[in-house]
1. Return the loop-located chymotrypsin sites (Phe, Trp or Tyr not before Pro) in the range 111-178 (DSSP other than H, G, I, E, B) with at most 11 other Cβ atoms within 10 Å of their own Cβ; answer none if there are none.
2. If you filter the range 82-117 for GluC sites (Glu not before Pro), then keep DSSP loop positions with at most 14 other Cβ within 10 Å, what is left?
3. For Thr66, enumerate residues with amide H under 5 Å from its amide H, sequence gap 5+ or separate chain, H modeled in the peptide plane.
4. Counting only helical runs of four or more DSSP H residues, what would the 222 nm mean residue ellipticity of the chain come to if each run contributes -39,500 (n - 2.57) and the total is spread over all its residues?
5. At R0 = 25 Å, how high is the FRET efficiency between Arg107 and Arg187 if r is their beta carbon distance? Nearest 0.05 is fine.
6. In terms of the Cα gyration tensor, with a ≥ b ≥ c the square roots of its eigenvalues, is the range 44-128 rounded because a/c is under 1.5, prolate because a/b exceeds b/c, or oblate?
7. Spin-label point model (7 Å from Cα, Cβ direction): what's the Glu213 to Ala73 distance in nm?
8. Taking amide H positions as placed 1.01 Å from N in the peptide plane, with prolines and chain starts having none, which residues 5 or more places from Ile179, or on another chain, fall under 5 Å of its amide H?
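We did not get these values from a lab; they are worked out from the coordinates using the rules stated. These figures come from a predicted structure and were not determined experimentally. When we count neighbours, we look across all protein chains shown, and the Cβ atoms used for this are built from the backbone with ideal geometry, even at glycine.
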Amino acid sequence: MTEKTASPSGQPSHIGIIMDGNGRWARKRGQLRTQGHLEGLKAAKRVVKAAGNLGVSYLTLYTFSTENWKRAAEEVGFIMGLVKQYLKGEMDFYRENNIRIRHAGNREGLPADILQELDEACAATGGFGGLQVILALNYGGRDEIVRAVKKLIDSGVSATAENLSRYMDNPDIPDPDLIIRTAGEFRTSNFLLWEGAYAEYYISDKLWPDWTEDDLEKAILAYNGRDRRFGAVQ
């Protein structure tokens, strides 16, 4: 257990969300997958605002995985366009809600214009003291661990769990207390594999574009009823 390990009980400090179901949401309505991603962005904005109102300190959103590049080029391009739009066009929203934007993931491979918008958003909101929203963009848990191991080797320090944690993408952020997955799926999908070792999981059958503040409240209420032991006997 490291110093930044998830909290044992009470209100979750850090929530991670695997935002699943955009494509199915669109298909059920006879619409293009791109429309589902657009509605998913709207849901993300609702949930970000709700998380801040509910006193959550950190919210990691699985925005685009290292495996998502395998999708059709048109869909990938649309998603990247949405990310750019969100980063560039929501500064008033960040300011009004005191939201700090951060990044988790591999910078290599991201388009230059996306990296520029990402860096500018992180810099512009770096002094905001409210909810920290971590965009897991070009992110994969295995990739993060491999990158951290390389840094650990280069540093010359001994290989311990605590030392490796220091080379993760955001070592100052506490491990997630709660990981939410929507659309009824039960996979980790390479999300926060190291940090989420002792996270509580909450699976919702609801498709991500339909998520509201009420759904986040239900997930937190379910978390509050869990007995977290971290491998110990109580």
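1. Within the range 111-178, no chymotrypsin sites (Phe, Trp or Tyr not before Pro) qualify (loop, at most 11 other Cβ atoms within 10 Å).
2. Glu108
3. Tyr139, Gly140
4. Per the formula, -13000 deg cm²/dmol.
5. Working: r = 26 Å, r/R0 = 1.02.
After rounding, the FRET efficiency stands at 0.45.
6. Taking the square roots of the gyration eigenvalues as a ≥ b ≥ c, the range 44-128 is prolate.
7. The two pseudo-label positions are separated by 4.3 nm.
8. It is Gly16, Glu200, Tyr201, Tyr202, by chain and number.
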